[in-house]
Amino acid sequence: MKSQKILFIDRDGTLVKEPPIDYQLDSLEKLSFVPGVMKSLGFIAEKLDFFFAMVTNQDGLGTAAFPENSFWPAHHLMMDTLEGEGITWDAVHIDPTMPEDNASTRKPGTAMLTEYIDNPKFDLAGSFVIGDRITDMQLAKNLGCKGIFLISDDRTREQAMQEVEESALEDVVALVAMNWVEIVPFLFAGERTARCQRVTKETAIDVAINLDGQGESSISTGLHFFDHMLEQIAKHGGVTLNVAVKGDLEVDEHHTIEDTAIALGTCLKEALGDKRGIERYGYSLPMDDSQAHVLLDFGGRPWLIWDADFKREYVGDMPTEMFLHFFKSLSDAALMNVNIRAEGQNEHHKIEGIFKAFARAIKMAIRRDIYRFELPSTKGVL
């Protein structure tokens with residue numbers, strides 16, 4: 001029998017908004033759901049086979065300061081409302097202790113969840129804790145599963161990621177999400193990440209990409225202008241891109257640029273997987289005196305149309321003849337059709353416009369709609 005994966009889901013701040021004054025949901029008037037939770041959890045419940053376990057700390061529940069008769073009406077209304085949207089719970093775990101009690105049942109302690117530990121019925125390694133506090137992520141670590149860190153307040157994504165780093169939970173947190181809408185495709189269709197390590201006698205290249213990233217990049221190719229252009233792909237494509245290259249620049253720039261293109265194209269192809277739900281096509285834009293048009297199709301057939309001429313032999317430390325070669329190698333490795341046209345007076349602007357337009361084409365083409373999770377092709381395969 002196949003082990004079942006679990007979603008351990010926090011309540012306050014994750015399912016319902018946490019009251020800003022006393023942090024206690026102790027009246028019907030305070031009940032307000034986190035945006036997107038109904039549609040998102042309903043979709044997950046309908047499409048995926050997770051065991052739903054609510055895990056919540058309710059500080060001092062049952063005491064004079066927080067009597068049970070003020071807690072349960074709002075809690076039951078929350079449960080009934082969720083059930084009306086097809087969201088039912090296989091288990092509900094509520095810890096009533098105060099933080100100063102240091103109870104082992106209290107998150108991130110696991111004493112309240114021993115039935116799931118070392119139980120062959122459950123796949124903890126494939127399970128997730130979804131919560132809005134770092135203690136939820138610590139609970140994930142203690143259980144041996146992954147965490148989804150939902151930002152439910154006015155923190156930025158960068159601040160939340162810093163909190164994760166400061167808590168040394170980078171290996172535990174699988175996703176930092178701004179909302180429930182970001183969580184659904186992650187659980188339903190999985191991560192779209194890939195890594196390509198290419199080592200030859202001429203170059204040693206390590207490229208990693210996350211198509212659902214946030215535009216972050218770490219680029220080092222030994223060619224500063226090339227680094228700058230690859231950063232455009234990450235920033236304007238909305239992907240996370242890490243590129244580390246050691247090439248034989250003492251010989252020529254050719255091998256470094258070509259092999260980076262091959263590795264990046266390979267990552268794009270692998271991260272896209274079977275391409276279900278993607279838009280597939282994309283984009284053009286102006287830049288100052290220049291305009292760049294990039295038409296892109298992840299249709300599985302490599303082809304490059306190039307209509308861009310340069311009057312300078314180099315821009316920065318990169319030979320202009322290599323831009324065509326970069327996109328040709330990239331399109332071949334990624335199995336994509338790319339049509340590039342650029343015109344203008346300033347060569348820097350023209351080249352940067354091409355990379356930005358290419359990045360926006362990537363962003364448009366890889367956009368995924370899990371509610372129409374089908375191949376964008378009449379052939380049935382891409």
*For the range 32-83, how many residues are in a helix (DSSP H, G or I) and hydroxyl-bearing (Ser, Thr, Tyr)?*
3
*Just wondering, is there one or more residues in the range 355-377 that are polar (S, T, N, Q), over 23 Å from the mean Cα position of the chain (by Cα) and either assigned to a strand (DSSP E or B) or more than 27 Å from residue 210 (Cα to Cα) (or both)?*
no
*Close pairs (7 angstrom Cβ cut-off, 6 or more residues apart or separate chains): farther than 15 Å from residue 267 by Cα in the range 236-249, of a type in the set (Gly, Ala, Ser) and buried (at least 23 other Cβ atoms within 10 Å of the Cβ) anywhere*: 236/359
*Do you know which of the residues in the range 18-53 that are crowded, with 20+ Cβ neighbours inside 10 Å and under 14 Å from residue 94 (Cα atoms) is modelled with the lowest pLDDT?*
25
*Please find, among 264, 268, 230, 296, the residue that is surrounded by 17 or more Cβ atoms within 10 Å (Cβ to Cβ), farther than 17 Å from residue 323 by Cβ and assigned by TED's automatic domain parsing to the domain that holds residue 345.*
268
*Evaluate the range 195-218: report whether one residue or more is over 23 Å from residue 44 (Cβ atoms), at pLDDT below 95 and within 26 Å of the chain's Cα centre (by Cα).*
yes
*Return the residue satisfying two criteria in turn: it lies in the range 63-79 and is at pLDDT below 95 and loosely packed, with under 13 Cβ neighbours inside 10 Å, and of such residues it is nearest to residue 34 (Cα to Cα).*
69
_Return the residues of the range 139-158 that are exposed (fewer than 15 other Cβ atoms within 10 Å of the Cβ) and over 18 Å from the mean Cα position of the chain (by Cα); say none if nothing qualifies._
144, 153, 154
_When the residues of the range 159-214 are narrowed to those that are surrounded by 18 or more Cβ atoms within 10 Å (Cβ to Cβ) and polar (S, T, N, Q), which ends up farthest from residue 143 (Cα to Cα)?_
203
*Considering only the range 229-276, state which residues are touching a Gly at 6+ places or on another chain (Cβ under 7 Å) and among the small types (Gly, Ala, Ser).*
234, 238, 247
_Verdict on residue 353 being modelled with pLDDT under 95, out of contact with any helix residue (DSSP H, G or I) (no Cβ under 8 Å at 6 or more places or on another chain) and at positive phi_ = no
*residue 138: assigned to a helix (DSSP H, G or I), free of Cβ contacts under 8 Å to residues at least 12 places away in the same chain and outside the structural domain of residue 276 (by TED's automatic domain parsing), yes or no?*
no
*When only residues in the range 195-227 that are in a strand (DSSP E or B) and of a type in the set (Val, Ile, Thr) count, which is nearest to residue 248 (Cα to Cα)?*
203
_Test: residue 305 is assigned to a strand (DSSP E or B) and in contact (Cβ under 8 Å) with a residue 12 or more places away in the chain_ = yes
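The values are calculated or read from the model by the stated rules, or taken from the named source; none is laboratory data. The shown structure was predicted, so the numbers you read here are calculated from the model rather than taken from an experiment. Ideal geometry is used to build each Cβ from the backbone, glycine not excepted, and the neighbour counts take in all protein chains shown.
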